[in-house]
Amino acid sequence: MQEENNKLQIIDNQDNGLTVPYKETPVLYMPKLKVRDIEDSDLIVPLEKEVLLATLNNERVRNLDLDIGSEPQKQLVSIFTKMIWESGVSLETFSKSDRTIFIPIAIEEIKRDYSHLTIEEIGIAFRMGVRKKYGKFYGINISTMVEWLDTYITTTKHEAMLRLPYIKPSDIEKPKELTEEQKLKIHNDWLNSIYSKFENYKKNNIYDFYDFKNNFYTYCKKLGLINLDEGQQQAIWDKAVEELKLKHHPKNAKNFGQRINFKTIYDKLKLDDVDKEGESLIISHARKITIKWFFKKLVKENKELKAVIEEAELNLKK
């Protein structure tokens, strides 16, 4: 609906008194580009176009009036309401009173920690989250919302912004697909962002790397860099179970609906023989712990992640 409204929108051109079709207007935060340069690009997929326009062609939350009753506030409430409805959460597990309490608290959370995003971006993050693009869905709560927004920022938005340099103003003749050189640049940009996280961990002992869908773990396994003996594997598995049990303990829930969801997960993790869903959750978390273990191992051995990766890549090509 937002896209249809945008296409129909006509903006007054103050310089010549004429009206300019929406697609011909400059992008708000990148005026050298026109909207059509992004919308008509063959280099990016529809989701990346949506993310780029949501990011670059709308006002940030911090610039909006979010007082109760304002249009931006109503728009956010509408997005939350749609997200709850699409999630399929019933009134039995998430009552109207819980929703009335949850939405204002969630909006305050956004104002405090995610004011650099646009309302349109928040809508994308929630849509992706509800559809389990950011992992399993464990109910509507603040921790779920934060997980979705953080994952949107570090993955969906990050990957879309990496494509931005390839969009040129009024560039009609574009290749149908990325060249090998462009693919290599995207790959190297991804690795450089991880190298930066490693350096921060090495210098400041701050580990803030989120391995989306265990992509970096998979890449390290492909390069032969992750080799754990049975004892290490068991220790990491046990640690993953304990961390997940602590995270999802019912006492850590913030509302009734979240307590029910946490208890469901917690009870699964307590079983000696976890089901397929519980096992998938543990495996994913164990792989994240493994990457932290890998970072710690490199620091202890005084090695640089970049040098280790580059050497492994060379060995793989031999």
Requested in this report: Consider only pairs whose beta carbons are under 9 Å apart and that are at least six residues apart or on different chains; among these, list those whose first residue lies in the range 16-42 and is of a type in the set (S, T, N, Q) and at pLDDT below 90 and whose second residue is buried (at least 18 other Cβ atoms within 10 Å of the Cβ) and assigned to a strand (DSSP E or B).
Outcome: T25/K34
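Do you know which of the residues in the range 123-144 that are buried (at least 20 other Cβ atoms within 10 Å of the Cβ) and in contact with a Gly (Cβ under 8 Å, 6 or more places away or on another chain) is modelled with the lowest pLDDT?
Among those that are buried (at least 20 other Cβ atoms within 10 Å of the Cβ) and in contact with a Gly (Cβ under 8 Å, 6 or more places away or on another chain), it is G139.
Residue by residue, here is whether (1) at pLDDT below 90; (2) part of a helix (DSSP H, G or I) holds:
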position	(1), (2)
E121	no, yes
I153	no, yes
M161	no, yes
L164	no, yes
I172	yes, no
Y207	no, no
Y210	yes, no
Requested in this report: Please determine, by comparing only the residues of the range 123-140 that are part of a loop (DSSP other than H, G, I, E, B) and of a type in the set (A, V, I, L, M, F, W, C), which one is nearest to V77 (Cα to Cα).
Outcome: I140
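The values are calculated or read from the model by the stated rules, or taken from the named source; none is laboratory data. What you see is a predicted model, and the numbers here were worked out from it, not measured in a lab. Here Cβ is always computed from backbone atoms with ideal geometry, including for glycine, and neighbour counts include all displayed protein chains.
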